[in-house]
Amino acid sequence: MTKRSAPPLWPVILVRARRPWLFLKLVGRACETHSGAIIAIFTACLFASTTALWWETKNLRADSYIAFEAAQRPWVAVEMSIMSDLTYNESGDAEITIRFTMRNVGHSPAVDVLVIPTLFMGSSERARAEREKSCEGLRKRPPADMGQTLFPGQTSTQDVRLSFTRQQIIQANKSLPEPYVLALSLIGCVDYRVMIARRDHHQTTFQAELLKPNTSGGLSVIAVDEGRIAASSMRLVRFLAGELAD
């Protein structure tokens with residue numbers, strides 16, 4: 001004789017749901033019968049909710065740290081000004097002194113602050129590419145007390161004597177008719193670190209063209225055969241699209 005399996009309880013529960021005590025008794029029997037599956041489903045739901053909560057907490061902590069760091073970390077701004085006439089030495093190298101004024105506009109000290117400028121002759125796009133290349137190399141330098149420390153609100157000035165050799169002038173003008181021009185760009189960056197995370201570099205980059213007023217009221221590049229040019233007769237025009245801060 002074939003043994004019949006017990007009929008499912010759920011239809012009975014639904015039919016007799018109007019009898020509360022019997023309904024609860026049948027629900028209890030159903031839970032006992034399927035206790036393993038119920039525990040497995042509950043455990044899976046608990047694991048999924050715990051994982052989702054952990055992930056959201058992790059993202060919230062990361063976002064909070066980024067916001068806190070941006071608000072409390074140092075930010076170093078830089079301004080540039082011409083401090084000397086443009087002159088040529090006995091070898092024909094162009095020389096000029098630029099003053100860099102750095103100010104910590106953030107809320108914590110900036111350490112190991114270095115300004116690394118250079119003169120470059122070429123298009124704005126090539127100047128930006130050269131600046132990115134040179135500044136990226138600074139990010140690889142190990143922690144060292146090579147630069148100065150700037151506290152919040154503190155300002156520091158540094159005069160840097162820059163030169164562009166005669167050979168560089170000739171090389172940059174090789175595809176141009178004489179007279180030679182001195183279409184110089186001032187490029188570079190201020191590199192610094194945060195005191196509590198000294199392995200992480202931050203940079204403020206700069207890019208500007210050295211020009212002089214012309215007779216039509218505009219600005220033009222400097223011709224080499226003009227010789228010495230007074231500081232008051234030159235302008236540093238910043239190329240804002242080439243300036244970044246991180």
Give the residues of the range 106-129 that are of a type in the set (D, E, K, R) and either at pLDDT 90 or above or touching a Lys or Arg at 6+ places or on another chain (Cβ under 7 Å) (or both), sorted by residue number. Asp112
Where in the range 94-187 are there strands (runs of 3 or more DSSP E), lying wholly inside it, with at least 1 residues that are in contact (Cβ under 8 Å) with a residue 60 or more places away in the chain, of a type outside the set (Lys, Arg) and more than 30 Å from Ala223 (Cβ to Cβ)? 94-104, 110-121, 148-150
Please work out which residue is farthest from Asp85 (Cα to Cα), limiting yourself to the range 210-229 and to residues that are in a loop (DSSP other than H, G, I, E, B) and among the polar types (S, T, N, Q). Ser216
Selection from the range 84-125 of residues under 23 Å from Gln148 (Cα atoms) and either out of contact with any strand residue (DSSP E or B) (no Cβ under 8 Å at 6 or more places or on another chain) or aromatic (Phe, Trp, Tyr) (or both) yields Phe100, His107
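Which ones in the range 220-236 are surrounded by 13 or more Cβ atoms within 10 Å (Cβ to Cβ), of a type outside the set (S, T, N, Q) and either in contact with an Asp or Glu (Cβ under 8 Å, 6 or more places away or on another chain) or modelled with pLDDT under 90 (or both)? It would help to see each step written out before you state the result.
Filtering the range 220-236 for residues surrounded by 13 or more Cβ atoms within 10 Å (Cβ to Cβ) gives 220-224, 226, 229, 231, 233-236.
The next check asks that each one be of a type outside the set (S, T, N, Q); those that pass are 221-224, 226, 229, 231, 234-236.
Within the range 220-236, Val221, Ile222, Ala223, Val224, Glu226, Ile229, Ala231, Leu236 qualify.
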Looking at (1) out of contact with any Gly (no Cβ under 9 Å at 6 or more places or on another chain); (2) within 15 Å of Ala245 (Cβ to Cβ), find the lone condition where Asn104 falls short. (1)
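The values are calculated or read from the model by the stated rules, or taken from the named source; none is laboratory data. For clarity, every value in this text was computed on a predicted model and none was experimentally measured. We place every Cβ from the backbone using ideal geometry, glycine too, and count neighbours over all the protein chains shown.
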